[in-house]
Amino acid sequence: MAKWGMVIDLDKCTGCQACTTACAMENNTLPGESWQDVLFYHQGKYPSAQMKWLPRPCMQCENPSCVHVCPTRATYKDMDAGGIVFVDWNKCIGCKYCMIACPYGVRFYADEKPLLEPDLRDIFPGSNGQLWSPPYQNPEQDWKRGIGIQPAGVVSKCTFCYHKVSKAPAGTPDLDEDIPELKEYVPACVRTCAPKARFFGDLDNPESQVNRLIGDKHGVRLKDHTGNKPQVYYLGAGAGVPAFEPKPRS
Amino acid sequence: MKVLQTLMTRRRFLKGSAVAGASGAAAGGLGGLTGLAPVAEAQAQSPRGETKITKNICAQCPARCGIDVYTTNGRVHAIYGDTGNPIANGKLCPKGHLGTYFLYDPDRFKGPMKRTNPRKGRNEDPGFVPISWDEALDTIAGRLNRLREAGESHRFAHFYGRGWGASDAGLYGDFGRLYGTPNSAIGHASMCAEGSKRAKQATDGNNSYNAYDYRNVNYILNFGASFLEAFRPYNYLMQMWGHMRSKSPQTRITTVDVRMNPTMAASDRALYIKPATDGAMALAIAHVILTEGLWEREFVGDFVDPEMRFRTGQTIPAGSFAEKWVHGLTEWWNEELKDRTPEWAESVTSISARDIVRTAREFGTTRPAIAIMERGPTAHTNGTYAGMAIHALNALVGSLWAEGGMFYQMGPSYGGLPVNAADYMDDWARNGAWKSQPRIDKAGTAEWPMSGTMMQEAGPNHLKGDPYKLDTAMFFYTNPIWSAPNPQVWEEALKDVFVIDTSPFPGETAMYADIVVPDHTYLERLQDSPTYPFEGWPMAALRVPAVDPVYDTKHFGDTLIEIGKRIKGPMGEYYKAIDSVENVLRHRAKGFETDPGDNGVNSFESWKEKGVWYKKRYLWQQRRGEFYEWDGRGYNVRMSPDEVKAKLIKTPTGKFEFKSGFLEKHADYIERTLGVPAARAGLVQWVEARHTGQGDLYFVSPKTPLHAEGRGGNIPHAIANQQPIVGGRKTVYLEIHPDTARARGIRNGDKVRIKSNLGSIEAYCRYMPAHRPDTLVLPMEHGHWAQGRWAKGRLPGHSGDITENVSDPISGLACYYTGKVTVERA
């Protein structure tokens, strides 16, 4: 079995957020439930200021703290699925321990006050136990792996688009969207990335493009000191999260 | 224990839900949608129908990216870039994926309607009642027939914004000729980006945006073209960005802009410029290129005496410089450029002379290099001159038609229509009194002699009754009652016009409509779309409906044809022969039979299957100062100066003009409107902008990546992701430098009031220390008073409401970025 990994080159990323919207539509997340988000930071002052951004999917950690704290074992790391961390919505009780334990802020609980009103859940009310049921929903659904639209009261997260990735021919070192036969198996965020800042492949295969990039361009893992060991690597300048600073009021 | 109880509850619930599923879905409130299939077992892998992929073109910006639309069980559920489309290459920008919202927008119009409330205004409910298509089309045609019989056909106007191709906006010209109106159609270009087109017309004779060879360029000097936000084609530009930033040698990029933005942030050098002064910066760069001898001699020419130099402040003798593909360099230097030093430019632009010199040396020593621009420099009263100064840099470094340079777009090999409009003209069409009437917007008259279109003037002109009053106006993909500068005037003007709106969405124009004949959304349309300027070689894409229309809507082109059929006389016969949009497209596609595309498209059917016809062969190239034409194997046929003039550099001299013949023809007008002495009118030169608004702060209203052609304000995911506008999430903030805010007692997050001489709007503010302290930034496309449940009434206010209707006299481009405002706590 492959060990799926993602590489994000921040020297090429343009901060456009196509990854965010591709994910939102592929996985039918609600506004604000951005399994794949892009965080923007700015530092310094005119005329020498900088602005930078950090795309942030679930890191699918090798040693995921979310899994350790889950009281119902709803969240689990599936070594038979490339090491992806899933939430089993049949088991999740929505206690949010995992959200607190996650160092990366990539878990979501959408069954609360909406970010944006009017509330999409009122406009497309849930059926079949779904939290909401938009007419454009993806027909793919697998609640044991947190795929599709969730029921009320559970935590949701990025699945590395397992419903796509799992259909790739076994032994494929890289799921490269530029190879026409492979594009349907590529995670939505990777597939759409216009500047090709994202790569997806097998971290266990030394021949894979992702491993070559990590090697050549000194890939780093975010917050590596936590010991979580993400399966997502960043390349280029700006792979870090600035220390939190409260916004100035005046 | 409680945990376990909850767990049991959920498991029980899930057991039951499979049974309850079918009835639940049937009762689910998906009002108005047809073809719903209940999901059988929600919690397990659900059985699914076959997924069909249809070709389409995104409609959320002018870029025209090919898209693959995924439909399963009659529902569209995913959109990805089309791998076979040369713009999209399988990729999309953030807007593209949200296209399904357009199709399933709960605020869409569901069929044709007429107004019952005769009063019109922001707070008036139109009182729409549904009518049949026959009633709608008969009403419109009846009105047009009466107007024509009364000898007043010129009082009917078409207005359009995003015309796609032969199957919609392409039908306007014949409609106007046959019906008899000069107002078919009033395009929106003067409220879009006409400035860069006119700057190019004035210098190299092409009234067009450029195509670019980004794949091979090594230096980009970017003046206010939001390359990573809104410049077109955005998706393709990002693909090229990834390429340019990782190729060898890496393309170096300097960006000049009035605000921090993603392009500035990602460039090698970000230079903040004072709004409306880009022309001064470009002139100083030209000055350095000449004084330091960095120009491309093979394209520009050289001194007759090799010992001669351009020296600051000193003229050169007439005849001392032998020009090759340029015209007027000596006069340009002597009468303008010799004094445009970096130090002078620093005093105008606030960019240090040191940075200007560094930029000029890089630009002048890296080949190929291009200078690009868009609305930032040109949406000011001095916009055309600024654009000319920027474009002049491309001539100085020889990037016109060069590899890694820029050129102009070729059109597709379309077939002709089944009939010729000239054969269906009655006496009124041929010689009616309408022929002596000017357009309602006065474009091309003595008032706007160099403008092709002046939509922003049409509303005010109607209100004044000058040149006349409109009777009936039909709108397609445009909404000037909201998007024009100072749209309040339009709100008054359109009260006594019979308004026909064709948008599928409840926009501001629709709120004034007497009849609504809603178009399909783009995923339901059969529609062609020749490319915007892209890589130069010809291309035409096609929208293929992914699903049957969800509601009782009609393709705008078919609406137009159906109206035409109902006009009395030969015009009606013409449209009966035209028949339908599909018939138009079948005839256009006949052109592909004799000129098949690179992807094998040679018929209407194969066009539908592949979604695009293209031929990756651009016919001309300039290298080392000579122009060559493609001979089937290479750029081998050397072109004569006459051929270059006829096909490429279409100026009066056939050369790139630093002294513009196009402007000299209108020298008196330029002197009158801009104060430039007539004798100097042709020179590429510095002209100071006239700022409106009467405030103390510049006010810019950029277009963001999620600006979806007027629809971004009603797409929940677009609103939620409005970044990097310092935070975004559920509103769009006014960005203000903290020093500027504190001096006015404004705290971070406060609600503020932004005022100009026209009035005020409100917004929440965010401190943004990365902006200029003298410039406020508020993205446009927000502050709607219609458009749907998410858009309506949401702060911030609309930037247009405090933007005066002032235009560049040369290009006619509305000066959206030239207003100055004050700001205070609300």
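The values are calculated or read from the model by the stated rules, or taken from the named source; none is laboratory data. These figures come from a predicted structure and were not determined experimentally. Cβ: placed from backbone, ideal geometry, glycine included. Neighbour counts: every protein chain shown.
Annotations for the structure displayed:
Each row is one residue, and each column tells you yes or no for (1) within 10 Å of chain B (Cβ to nearest Cβ); (2) assigned to a loop (DSSP other than H, G, I, E, B).
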| residue | (1), (2) |
| --- | --- |
| A:Glu181 | no, no |
| A:Cys189 | no, no |
| A:Pro195 | yes, yes |
| A:Phe200 | no, no |
| A:Asn205 | no, yes |
| A:Val210 | no, no |
| A:Gly215 | no, no |
| A:Pro230 | no, yes |
| A:Tyr233 | no, no |
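- So B:Phe604, is it modelled with pLDDT of 95 or more, crowded, with 22+ Cβ neighbours inside 10 Å and not assigned by TED's automatic domain parsing to the domain that holds B:Thr775: no
- Considering A:Ala24, A:Ala2, the condition of being crowded, with 20+ Cβ neighbours inside 10 Å and within 15 Å of the chain's Cα centre (by Cα) is satisfied by A:Ala24 alone.
- Odd one out for A:Asn138, checked against (1) surrounded by fewer than 20 Cβ atoms within 10 Å (Cβ to Cβ); (2) within 21 Å of A:Cys19 (Cα to Cα); (3) polar (S, T, N, Q): (1)
- Filter result for the condition that a residue is modelled with pLDDT of 95 or more and assigned to a helix (DSSP H, G or I), over B:Arg430, B:Arg367: B:Arg430
- Condition check for B:Ile79: in a loop (DSSP other than H, G, I, E, B), closer than 25 Å to B:Gly163 by Cβ, within 14 Å of chain A (Cβ to nearest Cβ) and β-branched (Val, Ile, Thr): no
- Region B:775-790: number of residues that are among the aliphatic types (A, V, I, L, M) and either at the interface with chain A (Cβ under 10 Å from one of its Cβ atoms) or part of a strand (DSSP E or B) (or both): 2
- Among the residues of region A:173-207, the one identified as hydroxyl-bearing (Ser, Thr, Tyr) and crowded, with 24+ Cβ neighbours inside 10 Å is A:Thr192.
- Lone qualifier among B:Arg744, B:Arg753, B:Arg772 - being at the interface with another protein chain (Cβ under 10 Å from one of its Cβ atoms), over 23 Å from the mean Cα position of the chain (by Cα) and basic (Lys, Arg): B:Arg772
- The residue pairs whose first member lies in region B:440-464 and is in a helix (DSSP H, G or I), whose second member is β-branched (Val, Ile, Thr), and whose beta carbons are closer than 6 Å, counting only pairs six or more residues apart or on different chains, are B:Met455/B:Ile186; B:Ala458/B:Ile186; B:Ala458/B:Ile440; B:Gly459/B:Val489; B:Pro460/B:Val489; B:Asn461/B:Ile440.
- Candidate set: region A:38-58, residues that are under 19 Å from B:His717 (Cα atoms) and free of Cβ contacts under 8 Å to residues at least 40 places away in the same chain; chosen: the one nearest to the other protein chains (Cβ to nearest Cβ): A:Phe40
- For region B:756-769, the set of residues classified as within 11 Å of another protein chain (Cβ to nearest Cβ) and either in a strand (DSSP E or B) or among the β-branched types (Val, Ile, Thr) (or both) consists of B:Arg766, B:Tyr767, listed by residue number.
- Given (1) in a helix (DSSP H, G or I); (2) under 25 Å from B:Leu470 (Cβ atoms); (3) under 22 Å from the mean Cα position of the chain (by Cα), number of the condition B:Leu523 does not satisfy: (2)
- A count restricted to region A:30-61 and to residues that are more than 26 Å from A:Leu235 (Cα to Cα) and in a strand (DSSP E or B) stands at 0.
- Residues being over 20 Å from the mean Cα position of the chain (by Cα) and within 22 Å of A:Ala237 (Cα to Cα) - total across region B:209-238: 3
- Among the conditions (1) touching a residue at least 60 places away in the same chain (Cβ under 8 Å); (2) under 24 Å from the mean Cα position of the chain (by Cα), the only one that B:Ala284 does not satisfy is (2).
- Selection from region B:680-718 of residues that are of a type in the set (A, V, I, L, M), crowded, with 24+ Cβ neighbours inside 10 Å, at pLDDT 95 or above and touching a Leu at 6+ places or on another chain (Cβ under 7 Å): none
- Between A:Cys102, A:Cys61, A:Cys66, A:Cys16, the distinction of being under 23 Å from B:Arg729 (Cβ atoms), more than 10 Å from chain B (Cβ to nearest Cβ), touching a residue at least 12 places away in the same chain (Cβ under 8 Å) and not small (Gly, Ala, Ser) belongs to A:Cys102 only.
- Looking only at residues in region B:507-550 that are of a type in the set (D, E, K, R) and more than 22 Å from B:Gly712 (Cβ to Cβ), the one that is surrounded by the most Cβ atoms within 10 Å (Cβ to Cβ) is B:Asp528.
- Index of the failed condition, B:Gly797 passing every other in (1) within 11 Å of another protein chain (Cβ to nearest Cβ); (2) surrounded by fewer than 24 Cβ atoms within 10 Å (Cβ to Cβ): (1)
- Of the set (1) at positive phi; (2) in the same structural domain as B:Asp471 (by TED's automatic domain parsing), all apply to B:Ala513 but (1).
- Residues of region B:288-336 satisfying the condition of being part of a helix (DSSP H, G or I) and within 19 Å of B:Ile370 (Cβ to Cβ): B:Val288, B:Ile289, B:Leu290, B:Arg297, B:Glu298, B:Phe299, B:Val300
- Every residue from region B:73-116 that is buried (at least 22 other Cβ atoms within 10 Å of the Cβ) and acidic (Asp, Glu): B:Asp82
- Residue in region B:629-679 that is surrounded by the fewest Cβ atoms within 10 Å (Cβ to Cβ), counting only those that are out of contact with any strand residue (DSSP E or B) (no Cβ under 9 Å at 6 or more places or on another chain), basic (Lys, Arg) and under 26 Å from B:Thr381 (Cα atoms): B:Arg672
- In region A:105-126, the residues that are facing chain B (nearest Cβ under 9 Å) and among the β-branched types (Val, Ile, Thr): A:Ile123
- Against the criterion of being more than 8 Å from every other protein chain (Cβ to nearest Cβ) and of a type in the set (Ser, Thr, Tyr), A:Tyr185 qualifies.
- Within region A:127-140, residues that are closer than 16 Å to B:Val547 by Cα and at the interface with chain B (Cβ under 7 Å from one of its Cβ atoms) sit with their Cβ atoms under 6 Å from residues that are part of a loop (DSSP other than H, G, I, E, B) and modelled with pLDDT under 95, at 6+ positions apart or across chains, in these pairs: A:Pro135/B:Leu30; A:Pro135/B:Leu33.
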